[in-house]
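J.: Following this message is one structure expressed as structure tokens.
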């Protein structure tokens with residue numbers, strides 16, 4: 001088989017066909033998933049957008065000049081793309097990742113919470129209640145035996161136990177609470193695999 005180089009990208013015709021086929025396949029999969037979930041596409045993302053997202057997720061404090069250098073485009077269009085990703089809600093914000101143990105927060109635990117009643121109003125009320133608990137750093141409504149999964153960070157075991165006994169289990173509509181203390185974190189990556 002004779003392979004011809006594509007002048008545009010330095011790729012053979014077969015490599016370009018493969019890249020185009022994969023790209024079209026991924027677009028079709030995305031369209032199917034979006035149709036099934038009935039989620040509108042908020043922004044069309046190209047390869048440069050994905051590179052920007054990957055870099056910012058890894059290093060949110062990178063300057064626009066450095067980001068544009070890593071991505072391979074000039075600074076003004078890079079900044080416009082970042083702004084577009086922010087406006088579309090794809091980039092929700094930026095925050096510092098703190099070292100909890102160095103701040104005296106040595107206990108990380110998860111709580112699986114089951115409610116007596118799962119009416120929408122009860123689920124919303126409990127979700128709102130989690131926002132008032134500083135020890136709860138993240139919370140998810142989940143399916144299965146439990147209704148909520150809470151990610152908790154506390155200064156010590158006593159503080160965590162006090163929260164569970166005095167606040168969580170005594171909350172209205174709470175039926176069951178199962179806790180899991182962590183031993184050590186074995187992976188810490190960005191929220192989205194890119």
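The values are calculated or read from the model by the stated rules, or taken from the named source; none is laboratory data. Quantities reported herein were computed from a predicted structural model and do not represent experimental measurements. All Cβ positions, glycine included, derive from the backbone under ideal geometry; neighbour counts span all protein chains shown.
J.: Take the residues in region 158-191 that are more than 22 Å from the chain's Cα centre (by Cα) and assigned to a loop (DSSP other than H, G, I, E, B); name whichever of them is farthest from residue 104 (Cα to Cα).
T.: Selected residue: 173.
J.: Hey, among the residues in region 46-55 that are farther than 20 Å from residue 95 by Cβ and free of Cβ contacts under 8 Å to residues at least 24 places away in the same chain, which one's nearest to the chain's Cα centre (by Cα)? Before you say what the answer is, go through the steps one by one.
T.: From region 46-55, those farther than 20 Å from residue 95 by Cβ are 46-51; that's our starting set.
The next check asks that each one be free of Cβ contacts under 8 Å to residues at least 24 places away in the same chain; those that pass are 46-47, 51.
On the way: 46: 20, 47: 20, 51: 16 Å.
By that ranking, first place goes to 51.
J.: While we're looking at this one, here's another question. Show the residue pairs meeting these rules: Cβ distance below 7 Å; 6+ apart or different chains; first residue within region 170-194 and assigned by TED's automatic domain parsing to the domain that holds residue 119 and farther than 24 Å from residue 133 by Cα; second residue exposed (fewer than 11 other Cβ atoms within 10 Å of the Cβ) and modelled with pLDDT of 95 or more.
T.: none
J.: Please return the ranges of helices (runs of 4 or more DSSP H) entirely within region 56-157 where 2 or more residues are without any contact (Cβ under 8 Å) to a residue 40 or more places away in the chain and surrounded by fewer than 12 Cβ atoms within 10 Å (Cβ to Cβ). Full working, then the answer.
T.: On the way: elements: 64-71, 75-87, 120-130.
Here the list reads 75-87, 120-130.
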